[in-house]
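The structure under discussion appears below in the form of structure tokens.
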Amino acid sequence: MSSYITRKTPGNTEWFRHDRFGMFIHWGLYAMPARHEWIKNLECMTDEHYQRYFERFDPDLYDARDWAKRAKAAGMKYAVFTAKHHEGFCMFDSQYTDYKCTNTPAGRDLVKEYVEAFRAEGLRVGFYYSLIDWHHPHFTVDTNHPRRKDPDALKLNEGRDMRIYAQYMRDQVKELLTNYGKIDILWFDFSYPNARSDNGLVGKGKEDWESEKLIALARELQPGIIIDNRADMEQDLWTPEQFQPTQWVRHAETGELCTWEACQTFSGSWGYHRDEQTWKSPEMLIRMLINTVSLGGNLLMNVGPTARGYLDDRACDALQVFADWMKYNSRSIYGCTMAEPDLLPSCPQDCRFTQSEDGKRLYLHLMAYPFAYLNLPGLADKVEYAQFLHDGSEIIFKRGSEQSFMHGSKLSDDTLILRLPHVKPRVIVPVVELFLK
Ligand code: GLC
């Protein structure tokens, strides 16, 4: 058994740490301007201007089953879907607002189709719910609001009552956690209590969201649900975004190991962005997944579907990169975690270890393919068999004292020497599976 013990939290994180890999889906009206999901903020748009998207939102090619199949093929085990993003538009048929998909040409509950399709493929289902809301009349203008630069920004807040908005959130979270069956993850986003602007605007945090009540409600409705830590209250999940941790994420005060999930985009925006060009290379994608699991974390990889409701070729290609790799190598990901501390020093340059939770198998990921031999100091007495994971072909090995080819140089006797084929197998990152004694 792995000796790593993660901080105990109320949600059921056991399945989550086993499954390791999920799909984030950012979909809303912002798919239409197609130039970032923050577009209403970035271009300081008025509600009247943004209304042009609401009136024409018609995802006629939305096929949630297709998304679910692609997610499953990519090796993803769960998904998190934006039921509402910062724009405030609801992708579900809420009874507490008119600002919802059923009142657009879409004419149907998009969340419902997502839930049913992903569940049918055996994936676990989660919701992203934005705490920020740039449409709700009682959400006060703050440092991130599209109206923040108005000359009378502060005046706009007269008559706005965040208590009413907090109640609205509870009502909607209740709908989401009551009307769609079992929900495994609730992803609130996000808090900025310390933000201040020159014109006197402030940020928002747990007092504004009434996070305690909101979270208590979610836990009561869906015991075991996993909740992230972005409602300005620590919960189950630490969520590094747009950077990769280089160590297992630890609790700031206690130093305990946390359950963490890096969330990343295929390119630089979460919502569909037509012209954005920073698409990650296949190598970077696969390395990102491996790096994450090698540090005990999960990866939530985002897609931003188009306004018409399909995943564009770039997204499909990126998912296919995962599908091709995971088809043969998922054993080094599912049920795996950071290798035991005493094994870590044996990891050669340009490689990453993961280890099965039961401790029996060690996975050596060859991020750069070495020439012919790979030396793993300290492992000679611990390994009883080695094979490539993708094809199950034996990798022959020796111990340090048995080497006869390193004219003059000496390896310690407990060094495990793997002999690798000269030609890199056609796998982006080949994996050697080491069966431990
Ligand atoms: C940020 C952004 C948001 C995105 C989220 C994903 O907080 O505000 O657009 O949904 O990150 O983690």
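Bear in mind these aren't lab numbers, they're just calculated from the coordinates by the rules spelled out. None of these values were measured; they are calculated from a predicted model. Neighbour counts run over all protein chains shown; Cβ positions are idealised from the backbone, glycine included.
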Point to revise | Pairwise centroid distance, computed over Cα atoms, of the stretch 262-323 with the stretch 49-93, Å | key: 16
Exercise for review: Take the Cα coordinates of the chain, assign each an equal point scatterer, and use the Debye formula without solvent to give log10 I(q)/I(0) at q = 0.07, 0.09, 0.11, 0.12 Å⁻¹.
Suggested key: -0.39, -0.62, -0.86, -0.99
Point to revise | Förster radius 56 Å - calculated FRET efficiency between ASP171 and GLU357 (Cβ-Cβ, nearest 0.05) | key: 0.90
Review point. Taking only C-alpha pairs under 8 Å that are 6+ residues apart, what is the relative contact order of the chain in percent?
Key: 18
Check your understanding: Ordered by packing density, taken as the mean number of other Cβ atoms within 10 Å over each peptide's residues, highest first, how do 166-174, 365-373 rank?
Key -> 166-174, 365-373
**Study point:** Total charge dipole magnitude, the stretch 344-436, about the Cα centre, Cβ charges on Lys, Arg, Asp, Glu only, Debye to nearest 20
**Key:** 280
Check your understanding: Could you give the distance between the Cα centres of the stretch 379-437 and the stretch 149-183, to the whole Å?
Key -> 58
Point to revise | Simple Cβ-charge dipole of the chain, Lys/Arg +1 and Asp/Glu -1, about Cα centre, in debye nearest 20 | key: 860
Practice item. With all distinct Cα pairs included, what does the Kirkwood hydrodynamic radius of the stretch 344-436 come out to in Å, to one decimal, could you say? Key: 13.4
Point to revise | Sorted peptide list for 390-400, 233-243, criterion being average Cβ within 10 angstrom, highest first | key: 233-243, 390-400
Review point. Counting only Cα, what are the radius of gyration and maximum Cα-Cα distance Dmax of the stretch 228-306, in Å?
Key: 13.9, 44
Review point. Taking only C-alpha pairs under 8 Å that are 6+ residues apart, what is the relative contact order of the stretch 344-436 in percent?
Key: 38
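Where does each of 137-147, 293-303, 59-69 land if you order them by average Cβ count within 10 Å, highest first?
Peptide ranking by packing, descending: 293-303, 137-147, 59-69.
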Study note, to complete from the structure: Full extension between ASP312 and VAL202 adds, at 0.36 nm per residue less the Cα distance, a length in nm of 35.8 nm
Check your understanding: Quick one: what does P(r) look like for the stretch 45-128 with 10 Å bins over all Cα pairs, in whole %?
Key -> 17, 45, 28, 9, 0
Revision key, fill the gap. Taking a crude spin-label model, label points 7 Å out from Cα along the C-beta direction, the ILE164 to THR9 distance in nm is 3.4
**Study point:** the chain, helix-only ellipticity at 222 nm - DSSP H runs n ≥ 4, -39,500 (n - 2.57), divided by all residues, nearest 500
**Key:** -7000 deg cm²/dmol
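Determine the percent antiparallel among the DSSP beta bridges restricted to the stretch 14-335, to the nearest 5.
Counting only bridges with both partners in the stretch 14-335, antiparallel ones make up about 10 percent.
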